[in-house]
Amino acid sequence: MNENKDNSILNLEMAFDYTEKVFNARNKTIDNLNTRASAFLAFGGVLLKFGFDLPDGCPTAKTLKILTLLCLCGSVIANLVSLLAKGSGYIIRPRKLMNDYFYEENIYLKAKIINTFIEAEEELDLDAIKKSKFLNCGIILIALAAVISTLDAILVTIFQAMCK
C-alpha cells in the first residue's frame, strides 16, 4: 500500500512538471504568434501607403488598385484581430493558495494546481488556433495584394498609352 502511495506521489510530480512545461510552451507559442502578427500588421500598414501610390490611369488599373487596397486593409484587420487580448482561463490566485489551501496535503494541492493548468492550457490552445487562423489570413491577403499590384504595374507598363 505504501508503495502505491509513493508511486502516486511520483506520478503527480511528473504530471505537474509535464503540465507546467506544456502550459509554458503554449504561452511561448502565443507570444510568437503575437510577434508575427505585429510584424505583419506593420508590414501591411507600410504596404497600404505604397498601395495608394499605385497607378490608376484606366478602369482596369483602378479596379486592381482598389482590390490591392482592400486586400491590404483586410490583412491589417486580420492581424489586429489576431492581437486582441484574451484571458488565459481560470487560475488559482497565489493569495487563495495561501489563505484557503495552506493546510491541505501537498498531493491534493498539486492536483488542484494541475487541474487549473489544464483548463488554462486548453483556453490558450483555442486562442493560439484563432490567432494562427487570422495571422494566416493576413499573410495570404498580403501575398494576394502583391500579386494584384504587380498585375496593375505590368498592365499600366504595357498599355501606357491607353492608361493615361
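The values are calculated or read from the model by the stated rules, or taken from the named source; none is laboratory data. Treat the numbers as computed from the prediction; the structure is a model and nothing was measured. Don't worry about glycine lacking a Cβ; one is built from the backbone with ideal geometry, like all the others, and counts go over all protein chains shown. Protein only, heavy atoms only, side chains kept; ligands, DNA and RNA dropped before computing areas. Shrake-Rupley method; radii C 1.70, N 1.55, O 1.52, S 1.80 Å.
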Filtered residue count, region 80-106, keeping only those that are open to solvent by less than 90 Å² (accessible area, probe 1.4 Å) and assigned to a loop (DSSP other than H, G, I, E, B): 7
Residue in region 151-160 that is surrounded by 15 or more Cβ atoms within 10 Å (Cβ to Cβ) and among the small types (Gly, Ala, Ser) present: no
Residue match in region 105-115 (condition: modelled with pLDDT under 85, charged (D, E, K, R), within 15 Å of ASN27 (Cβ to Cβ) and out of contact with any His (no Cβ under 9 Å at 6 or more places or on another chain)): no
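If you scan region 24-53, which residues turn out to be open to solvent by less than 30 Å² (accessible area, probe 1.4 Å) and either aromatic (Phe, Trp, Tyr) or modelled with pLDDT under 90 (or both)?
GLY51, the sole residue that qualifies.
Being touching a residue at least 24 places away in the same chain (Cβ under 8 Å) and either under 14 Å from ASP17 (Cα atoms) or surrounded by fewer than 17 Cβ atoms within 10 Å (Cβ to Cβ) (or both) is the filter here; which residues of region 107-120 pass it?
Taking region 107-120 as the starting set, the residues that turn out to be touching a residue at least 24 places away in the same chain (Cβ under 8 Å) are 107, 110-111, 113-114, 116-120.
Correct list: ILE107, LYS110, ALA111, ILE113, ILE114, THR116, PHE117, ILE118, GLU119.
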Qualifying residues in region 70-79 (those that are open to solvent by 30 Å² or more (accessible area, probe 1.4 Å) and aliphatic (A, V, I, L, M)) - the one farthest from ALA111 (Cα to Cα): LEU70
Pairs where the first residue, in region 33-57, is more than 16 Å from VAL147 (Cα to Cα) and in a helix (DSSP H, G or I) and the second is of a type in the set (Lys, Arg) and modelled with pLDDT of 90 or more, C-beta under 7 Å, 6+ apart: LEU33/LYS131; ALA37/LYS131
